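Visitor: One structure, pasted below without further comment.
The values are calculated or read from the model by the stated rules, or taken from the named source; none is laboratory data. Note that the coordinates shown come from a computational prediction; the quantities given were computed from them, not determined experimentally. Quick reminder, even Gly has a Cβ in these numbers, built from the backbone with ideal geometry, and neighbours come from all protein chains shown. Just the protein is used for accessible areas: all its heavy atoms, side chains included, with ligands, DNA and RNA removed. Shrake-Rupley method; radii C 1.70, N 1.55, O 1.52, S 1.80 Å.
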Amino acid sequence: MKTFYAVLSKVHGAAEQMAKIEMDTDVVKESEVQISGCYKIASGIPAFHLTRIEHSCLMTPENKWEIQVKCRPLLHDTQEEPKQSNKWRSLTLVYPDAKVQLIHNDIEVTLPSLREDVEIAAFGRPGKEDKKRMQMAIFAKRPKQGRDWQIWVYLVDDTNPACKKICQKGDHSGQRLLTPLSGIFVSNSNEDIKIELNSLEDGWKVKGSNVKTIKSRDAWNSTESSTDFPCCYFDICHVNNANNSFFCEIKTSHEGDSAHAEVVAYFERETGLELVQSPADVDKLGNSCTFVSKEIDTSIPLFLFFLSLLYDPPASPPIFPAETTATRQNFMTMKFISREALWTLVLISSRKKILF
């Protein structure tokens, strides 16, 4: 009878413990997460080929990570994809001769001869206190004076392939990296990751809130081979359009850890269209000037302008004793050409400072 009550007590205690785990919303359910990108391996590689996988687990001495390398067939576009192809299987079950060795932030995988092309990836089951290593990457397009600006904050895995991936993504979208990457440890909880923009320089303001959030689950389910990394953005607008220097601080925090970055930027002045003058425009310019200089630097053009008005070639003695009408016309043509040459100098000297 005592044995029966002891067993019943243990069952009751286990049920209470399971109920407590389910009610504790701060603990991520102990399901596997992908902790690396996908590495494609061709079937033609030599036997016992070594592949190094970078993972994003924080490997503290007291960590409880359970890490496993899995594989799945790599199907080509011309091949019909069966339903089971998306299922990952343990690498050592599919290829018993494969060897997996964990070396701090890397996993060394030695593969035997493969029957088909495969891709491999690392998966992990975190403990309650385990964390994931990530990096804060800040991107934006080149700022223009007088225009609003968007600053994008991304969270990516702390691996070299992930850093290359986010930089390629920035290049394709016309964005550039504003600051060095800053590391942060994301805890194993459902608390949102907070991103703050502070210490904004005078002359600027943030549209909306200066505090953004990213779901912790989005960060945990992101891998280095993702196409859409967890991110948020801030809309920056001018208070004073004459201001072209920019400074702010951005802080990303999650529970007990944080990452900081200082953003310094210079807003470029947008220059006008450069004039391309045709001969007809040059003739019209002699009668009426419809251009306004954007920058007051017209001393040289004005000097050449007045010089062209005052210039009068001296009369030369006739080559022949009898000056003909044709000879006089030639001298008039030379005088006209000289004046037109000076007009050309006027345009050249002021070409890059004149706007419509």
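Visitor: Explain nothing, just the number: dipole magnitude of the range 112-220 about its Cα centre with +1 on each Lys and Arg Cβ and -1 on each Asp and Glu Cβ, in debye rounded to the nearest 20. It would help to have the intermediate numbers written out before the result.
Guide: On the way: 20 positive and 15 negative charges, 66 e Å.
Around 320 debye, computed over the range 112-220.
Visitor: How many nm separate the modelled label positions at Lys144 and Ser90, each set 7 Å beyond the Cα in the direction of the Cβ?
Guide: 5.9 nm
Visitor: Which value, in Å² rounded to 10, gives the accessible area of Lys40 with a 1.4 Å probe and all protein chains present?
Guide: Number for this one is 150 Å².
Visitor: Order Tyr154, Tyr233, most accessible first, counting only protein heavy atoms with a 1.4 angstrom probe. Working shown, then result.
Guide: Working: Tyr154 15, Tyr233 90 Å².
Ranked list, largest accessible area first: Tyr233, Tyr154.
Visitor: Shifting gears a bit: Determine ³J(HN,Hα), in whole Hz, for all residues of the range 255-263 in sequence, where each value follows from phi through the Karplus function 6.51 cos²θ - 1.76 cosθ + 1.60 and θ = phi - 60°; x replaces Gly and Pro.
Guide: 6, x, 10, 8, 10, 10, 8, 10, 9
Visitor: Something else: Ranked highest first by average number of other Cβ atoms within 10 Å, how do 46-53, 217-224 line up? Provide the component values of the computation, followed by the final result.
Guide: Working: 46-53: 12.6, 217-224: 19.2.
The peptides rank, most packed first, as 217-224, 46-53.
Visitor: Same structure again: Using a 1.4 angstrom probe and counting only protein chains, how large is the accessible area of Val264 in Å², to 10?
Guide: 100 Å²
Visitor: Just to verify a number: what accessible area does Ser31 come out at with the full protein assembly present, 1.4 Å probe, Å² rounded to tens?
Guide: 60 Å²
Visitor: Take Val239, project a point 7 Å from its Cα along the Cβ direction, then tell me which residues of the range 192-210 have their backbone nitrogen under 18 Å from it.
Guide: Taking a point 7 Å out along Cα→Cβ of Val239, the residues of the range 192-210 whose backbone N falls under 18 Å are 197-210.
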